[in-house]
Amino acid sequence: MSAKIDKTNVTDEKEREFTSDEVRDHDERDSLWVIVDAGVYDVTRFIDDHPGGEDVLKEFGGRDASQRFLEVGHSADAHELMKKYRIGRVVDYDDTDVPDGTDTSAPEYSEGVGWLPLMAGLCASVIAYYVLNYVF
């Protein structure tokens, strides 16, 4: 999969536009905004529900969280959920913090891959049981 930043949802003409300074003012628990790939997200109502805890959201409050969001490897569901909190875009967005060629769009997963580790563990358990009970 070639990696690149997906900015297709950033150019909606009806979106509100913010400067980085405006976003920077929203760094407290009662008004918490983050930037991910030039999108501005009001995560104030999401703080208590964030699976990674509130600390990481507060750490990036009012700032660009693109790199951290990428490093965590959020699921396709997380990318979908983000749409609910998007309130606009940053007009003076500087993407130099996100390395060239990185892909912050939803990852592509093949069906059934999640079962592979479970099945491998189950097979190993069955073999170990057989060996311990019937071979020795």
As an exercise, use a Förster radius of 30 Å and the Cβ-Cβ distance of Lys83 and Leu118 to find the FRET efficiency, rounded to the nearest 0.05. 0.45
Roughly what would the spin-label model give for Arg68 and Arg29, points 7 Å off Cα along C-beta, in nm? 1.6
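Please give the FRET efficiency for Leu132 paired with Asp48, using the beta carbon to beta carbon distance and R0 = 35 Å, rounded to the nearest 0.05.
0.15
Got a sec? How would Thr44, Thr19 order by Cβ neighbour count within 10 Å, fewest to most?
Thr19, Thr44
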Rounded to one decimal in nm, the spacing of the 7 Å Cα→Cβ label points at Asp21 and Val56 is 3.2
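Just so you know, all these numbers are worked out from the coordinates, no wet-lab data involved. The structure displayed is predicted, hence computed values, not measured ones. Cβ: placed from backbone, ideal geometry, glycine included. Neighbour counts: every protein chain shown.
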